[in-house]
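So the structure is just underneath, and the comments pick up after that.
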2 protein chains.
Amino acid sequence: MSQKVFVSAQEVADRAGVSRSAVSRAFTPGASVSPETRRKVLEVADALGYHVNHLARGLMRNESGIVCLIVSDLASPHRSGLIKVLTQELQHSGKIAMLVNTDLSDGSVDLALRQAIRYRADASIILSGMPDKSITQLCLKSGQRLILINRDDEQDGPFRINLDDEEAAGRILTAFLRAGCRKLAFANSQAGTPSLMARESGFVAAARAQGLDVVVERYGWTSYESGRVLAQRLLTRSQRPDAVFCATDLLACGFMDAARHQFSISVPQQLCVAGFDDIEHASWASYQLTTFAQPLTTIAREAVSWLESGPVANPEGRASAIRLHADLVWRGTIRGG
Amino acid sequence: MSQKVFVSAQEVADRAGVSRSAVSRAFTPGASVSPETRRKVLEVADALGYHVNHLARGLMRNESGIVCLIVSDLASPHRSGLIKVLTQELQHSGKIAMLVNTDLSDGSVDLALRQAIRYRADASIILSGMPDKSITQLCLKSGQRLILINRDDEQDGPFRINLDDEEAAGRILTAFLRAGCRKLAFANSQAGTPSLMARESGFVAAARAQGLDVVVERYGWTSYESGRVLAQRLLTRSQRPDAVFCATDLLACGFMDAARHQFSISVPQQLCVAGFDDIEHASWASYQLTTFAQPLTTIAREAVSWLESGPVANPEGRASAIRLHADLVWRGTIRGG
DNA sequence: GCGGCATTTGCACGCGCTTGCAAGGTTTGC
DNA sequence: GCAAACCTTGCAAGCGCGTGCAAATGCCGC
């Protein structure tokens, strides 16, 4: 293929009149090398355009510096926002992100993890889907660290970061009730993701505790289009809801557009709407959606700081998880406030 | 750090009763190995959870399989859409994407390219910013391939993929004129990206050719918020424009929201608007924006197929670039059609 | 001037893998 | 039946680097 000819440490050593080990040490923080030698080496290296080969370094150090991000539906606002802060935080701590898109086939989360193993990634962060238990075990046994974000898994071993979806659902119910709503609905996708289901069941349970029923409708993917379809279904019922909690902002946007433009329902006068994620459009003038903000930065920081925290205390991958709080962002789609 | 203990080829060899070379060959397509040996090896490998170490393989083969994506503003709809198709196509051709976020400091495109060199990436694809010429030369000299997307650079060596922005600008002018608009405006960000500037100058030039003037306004980043500010500036002029070409859909969304909700101007009756990119929201009911579609899939395919096309014909990095056509997506923000 | 110590340097080995080379085994043609 | 051709296989070298170890250097106090 391409004749790649990178400058090697040997060339730098020769030009600087030192041994190859000296070059190696010059690029290793804290190594035993005199300041003057280091300076000389760095100078020559810069002039020659030398860069440490991280493939080889990873081989020796048994630590590649690579962290694998496993994600599907990568173009959705929430996902891309999360990826953005994750890459930022990772780079900040000297690591580099490898991105695996799992949109294609089905068992591809497993395939993605295998890819991570091949490149000897220090860790994998899973944002979508759910790996098979066997492959999870393989990763852990190999010493790879695993982080699940909003996956709410029962498996022990991986580090899990979740939001308190049920609690949020309870809060939004209170807001609906205070606005005088009684005919409640929940609009969900059919994805069946744990966090989506937690929002749903949390909302239903909270309503039931108040003696109220919730009409639950699920359809398709977590997308704008699904939101429209859900509106179609929920707003044509004989008992039209006066408050809808959408599992996601994207659904909420589609829902609102259908409600306004198709059914000429005014929000929030005739219908209260809430979403989840606080994607960018939620704040746009056309939506002004009341929703829950995902603490993206906190999630990323927690993930990275767990990675930095050294070896797992308990060798037999002990359970470890945190649950974060989602702030309610109050805008204009719920009356009162 | 973490005691990573991956299964090695030696262990597989021992268990399968073959030499280490046999294992290596079993995992190399087209290598000289009997079908039976290969089967045996793969079986044992699977049982043991062996995975070829791509760091070591990359070291030997002088080809890591890594392609570095260098990008800023990663959460914007257009960027994330591009990243999505790029990762897809790369994975399809057996490569893996490394993601470098350049949001932080300024010279960080250069830093990103250095990172790509360290990991001996087979190629780098630059979606944002502009690398220094010296570092570009270093990459090329090292045998790294370079792709610039929508960067419209003059440098020879890198492969450049661009859109025909000027031609698109001409087409949108025709559409405006046909709708009876004569008071033209162009809303741009201050980013000064070549493609944004090409849209602007193309539009201005086309208008001038028709004897018409264009009011050009530039402000801030390429964002929704900037669109609102631009609307503020353009719609309060004594001579209010009746047609605005926004350099980007995001700007157009902000512009339209401000026009409607703040100035109570109806689109397209009183004001025609066009954007560029065809991001997802452009098709949403609240916007129905007439815009140009970036041929994302084609861009990604062209990029990857250029990577696969083997060594550069001309050793001294010859110029090589393509210019793609942006389709006009006709929706509801221009009268007539 | 010299022994003791701390610092710096070079040597050589190994990380896990690929691959040229030659040896061994099997098939084919005559 | 034997040589030539082919397919497989193992050996060993080497990819670029980090690092333990021992040798070399420099410094200090006496």
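Which order do A:64, A:305, B:8 fall in if you start with the one that has the fewest other Cβ atoms within 10 Å?
By the 10 Å Cβ count, ascending, the order reads A:305, B:8, A:64.
Using the 10 angstrom Cβ neighbour count as an exposure proxy, how do B:104, B:48 rank, fewest first?
By the 10 Å Cβ count, ascending: B:104, B:48.
Name the aspartates and glutamates eligible as straight-distance cross-link partners of residue B:183: C-alpha to C-alpha under 13 Å, and not fewer than 8 places from it in the same chain.
Within reach: B:213, B:242.
Enter the mean projected area of the convex hull around the alpha-carbon atoms of the protein assembly as shown, in nm², rounded to one decimal. Write out the running numbers ahead of the final one.
On the way: hull surface 136.0 nm².
Average projection, Cα convex hull of the protein assembly as shown: 34.0 nm².
Which of B:200, B:11, B:302 moves most in a GNM of chain B, Cα contacts under 10 Å?
The residue that fluctuates most here is B:11.
Quick one: of A:133/B:4; B:40/B:95; A:141/B:84, which pairs are farther than 23 Å apart, Cα to Cα? Display every interim value, and only then the final one.
Working: A:133/B:4 19 Å; B:40/B:95 27 Å; A:141/B:84 31 Å.
Result: B:40/B:95; A:141/B:84 exceed 23 Å.
Which one, B:252, B:309, B:31, projects farthest toward the positive side of the charge dipole computed for chain B from Cβ point charges (K/R +1, D/E -1)?
B:31
Quickly estimate the mean residue ellipticity at 222 nm for the protein assembly as shown, helices only: each DSSP H run with n ≥ 4 gives -39500 (n - 2.57), and the total goes over all residues, rounded to 500.
Helix-only estimate at 222 nm: -12500 deg cm²/dmol.
Enumerate the amide H contacts of residue B:292 below 5 Å, restricted to partners 5 or more residues apart or on another chain; note that Pro and chain-start residues carry no placed amide H.
For residue B:292, the qualifying residues are B:275, B:276, B:277, B:278, B:329.
I'd like the mean, over residues of A:49-62, of how many other protein chain beta carbons sit within 10 Å of each residue's own Cβ.
On the way: counts 9, 1, 10, 2, 8, 8, 14, 5, 3, 7, 5, 1, 2, 7.
That works out to 6 on average.
Highest GNM mean-square fluctuation, chain A, Cα pairs closer than 10 Å: which of A:101, A:53, A:162?
Greatest mean-square fluctuation among the candidates belongs to A:53.
Please compute the net charge surrounding residue A:329, taking Lys and Arg as +1 and Asp and Glu as -1 over other residues with Cβ under 15 Å from its Cβ.
Details: positive: A:171, A:331; negative: A:249, A:277, A:278, A:280, A:327.
Spelling it out: positives minus negatives among the neighbours equals -3.
Can you sort B:122, A:46 so the residue with the fewest Cβ neighbours within 10 Å comes first?
A:46, B:122
Between copies, how far apart are the residue B:4 label points? List them in nm, one decimal, shortest first, with each point 7 Å from Cα toward Cβ, please?
Going from nearest to farthest copy, the values are 1.7 nm.
Using a Gaussian network for chain B with springs between C-alpha atoms less than 10 Å apart, which of these wobbles most: B:187, B:22, B:300?
Maximum fluctuation in the GNM of chain B, among the listed residues, is at B:22.
Read-outs throughout are calculated quantities, based only on the coordinates presented, and are distinct from any laboratory measurement. Being a predicted model, the structure only gives us computed values, none of them experimental. Note: ideal-geometry Cβ built from the backbone for every residue, glycine included; neighbour counts use all protein chains shown.
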